[in-house]
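J.: This is the structure I want to talk about, given as structure tokens.
Bear in mind that the values in this text are calculations on the coordinates, not laboratory data. Since the model is a prediction, treat every value here as computed from it, not as a measurement. FYI the Cβ positions are ideal-geometry reconstructions off the backbone, even for glycines, and counts take in every protein chain you see.
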Amino acid sequence: MKRKDLKKFTQISFFIALAVMLLLPISVLFTLRGLALFIFLASIFAVPLSIVSMFSKELLAIRFFALVVNFAPSLLIGYALFMEFMDEFLRSPP
């Protein structure tokens, strides 16, 4: 695939990143679990697209923004699981 053809991957991952950034706080604020789950799964789908789009000739800022925003929900879930593990197993006994 040519580098010019990767523009579509960049556009898709950028629009998913915009949707994640705009809709995820709204869905959490109003407790819309279905929308939050859909946005989270869309961001998981967009991570490989963002990685592939890093090889395109689009603006670096757009590519980097899409990569960081699409990774953010996964990193937050990973951080929450890690903190729960730390709290459960490394806490001093009562």
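J.: Could you give the Stokes-Einstein D for the chain in µm² per second, using the C-alpha Kirkwood radius, 25 °C, 0.890 mPa s? Could the numbers behind the result be given before it?
T.: On the way: Rh = 14.5 Å.
Answer, rounded: 169 µm²/s.
J.: May I pose another question? Going by average Cβ density within 10 Å per residue, which order do the peptides 54-64, 39-49, 74-84 take, highest to lowest?
T.: Details: 54-64: 14.5, 39-49: 17.7, 74-84: 10.7.
Descending packing order for the listed peptides: 39-49, 54-64, 74-84.
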